[in-house]
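Only one structure is covered here, and it is reproduced in the block below.
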Amino acid sequence: MSDVPLQPPFQKVAIIGLGLLGGSIGLALRDHAPGIATTGYDRDPATRVRAAERGLVGTVAEDAVKAVQDADLVIFCVPPLAMGAAAAECAPGLRADALISDVGSSKVAVAKALGEVLPHHTIIPAHPVAGTENSGPDAGFASLFQGRWCILTPPESADPARVEALSALWRAIGAKVEVMNAAHHDLVLAITSHLPHLIAYTIVGTADDLQEVTQSEVIKYSAGGFRDFTRIAASDPTMWRDVFLSNRDAVLAMLQVFTEDLTELQKAIRLGDGDKLFDHFTRTRAIRRSIIEQGQDTAAANFGRQG
Ligand code: NAP
């Protein structure tokens, strides 16, 4: 990001949902685009109080209609299956020319839900590929998007100037922007994010259910690999339930391919086919190297942990 703060062409941004994503956008705008006024709303009164204490947005509104009044950009930062209800609550207060966006982890279903509720508004969905396993108003931090990708999935009819305006806002808060078709986004994220979460949820649950190995043994020896899955498996249950339900087809397609590949490896182990296992592990190690080369993770061993 350049040292000169970019001034994207928005005067007032309303953020609906003041958890990890909404809070991080508000804090990042405060730091990098101080010329933009921010308002926010969350349905949970305790979250609104905490959001005001932390200064996640300039003004925390007491209702959704007030939050979006005069906003020229409204970003929905609620769980994927809550997008439609949140948009309906805001609808009476929206400016007719307000640009509507969101940060939902699945894009086809969310765009459909927003479009059904706001048929006359321009909707340019977005998904910042950045997050943590934490949620709620204390989870957000200003640097969440630094160096991370934000994928915009505008409909074909979208005005390029409005796509560029939204891109500029994301670049201003540190993200790199890519434009993609929504269905393709859902397929890509099914393999890079949604399936890894499903696998983590499965393996941590399986370990918990085991009879032969005690829970204290699982925890004691977790540095053998298990604990890296537990970070992902600690992610917000509401959000991830919604992700799997709203990106069902792409996740099931990727799960089918994954299951076939897992069966292949199972067969190699059963047949003692060391060459097959070695070749497979060599190929996957190269993918880890590419992720580090492209600045998407640290090169430090064990993610830089000491123990
Ligand atoms: P979060 O920390 O749980 O925040 C969501 C907030 O929205 C909660 O405070 C929730 O309140 C509130 N909310 C729910 N329905 C609402 C409504 N109708 N009106 C107003 N507020 C409402 O979740 P998050 O991690 O920020 O995720 C938000 C969105 O970002 C999701 O769509 C997710 O797919 C996407 N995303 C998440 C990540 C990640 O790593 N977490 C990364 C990229 C994108 P309650 O607690 O009362 O439900």
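Things to note:
- The range 9-23 residues that are under 16 Å from THR47 (Cα atoms), paired with ones that are of a type in the set (Asp, Glu) and at pLDDT 95 or above (beta carbon under 7 Å, 6 or more apart): GLY17/ASP42; LEU18/ASP42
- Subset of the range 158-192 [polar (S, T, N, Q) and surrounded by fewer than 17 Cβ atoms within 10 Å (Cβ to Cβ)]: ASN181, THR192
- If the condition is being within 7 Å of the ligand (Cβ to nearest atom) and touching a Phe, Trp or Tyr at 6+ places or on another chain (Cβ under 8 Å), then the range 84-101 contributes only ALA86.
- Set ILE36, ILE75: member being outside the structural domain of LEU195 (by TED's automatic domain parsing), surrounded by 18 or more Cβ atoms within 10 Å (Cβ to Cβ) and within 15 Å of the ligand (Cβ to nearest atom): ILE75
- Of all residues in the range 99-113, those satisfying the criterion of being surrounded by fewer than 23 Cβ atoms within 10 Å (Cβ to Cβ) and either in contact (Cβ under 8 Å) with a residue 60 or more places away in the chain or in a loop (DSSP other than H, G, I, E, B) (or both) are VAL108, ALA109, ALA111.
- Checking ALA190, ALA200, ALA233 one by one, the residue that is at pLDDT 95 or above, within 16 Å of VAL129 (Cβ to Cβ), within 16 Å of the ligand (Cβ to nearest atom) and not acidic (Asp, Glu) is ALA190 and no other.
Per-residue answers, yes or no, for (1) surrounded by fewer than 16 Cβ atoms within 10 Å (Cβ to Cβ); (2) within 12 Å of the ligand (Cβ to nearest atom):
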residue	(1), (2)
ALA46	yes, yes
GLY58	no, no
ALA61	no, yes
ALA67	no, yes
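- For the range 175-199, the set of residues classified as over 15 Å from the mean Cα position of the chain (by Cα) and outside any helix (DSSP H, G or I) consists of VAL179, MET180, ASN181, listed by residue number.
- From the options GLU116, GLU89, GLU164, residue that is in a helix (DSSP H, G or I), at pLDDT 95 or above and more than 29 Å from GLY55 (Cα to Cα): GLU116
- Selected residue (criterion: farthest from the chain's Cα centre (by Cα)) from residues of the range 241-263 that are surrounded by 13 or more Cβ atoms within 10 Å (Cβ to Cβ) and among the charged types (D, E, K, R): ASP249
- In this structure, GLY295 does satisfy being surrounded by 10 or more Cβ atoms within 10 Å (Cβ to Cβ) and either farther than 28 Å from LEU187 by Cα or in contact (Cβ under 8 Å) with a residue 60 or more places away in the chain (or both).
- In the range 258-295, residue farthest from ILE199 (Cα to Cα) [restricted to those that are among the aliphatic types (A, V, I, L, M) and out of contact with any Leu (no Cβ under 9 Å at 6 or more places or on another chain)]: LEU271
- Residue count for the range 174-216, restricted to those that are in contact with a Leu (Cβ under 9 Å, 6 or more places away or on another chain) and without any contact (Cβ under 8 Å) to a residue 12 or more places away in the chain: 0
- The residues in the range 119-134 that are assigned to a strand (DSSP E or B) and either surrounded by fewer than 20 Cβ atoms within 10 Å (Cβ to Cβ) or among the polar types (S, T, N, Q) (or both) can be counted, and the count is 1.
The values are calculated or read from the model by the stated rules, or taken from the named source; none is laboratory data. In this text, all values refer to a predicted model and were calculated from it rather than measured experimentally. Note that each Cβ is placed from the backbone with ideal geometry, even for glycine, and that neighbours are counted across all protein chains shown.
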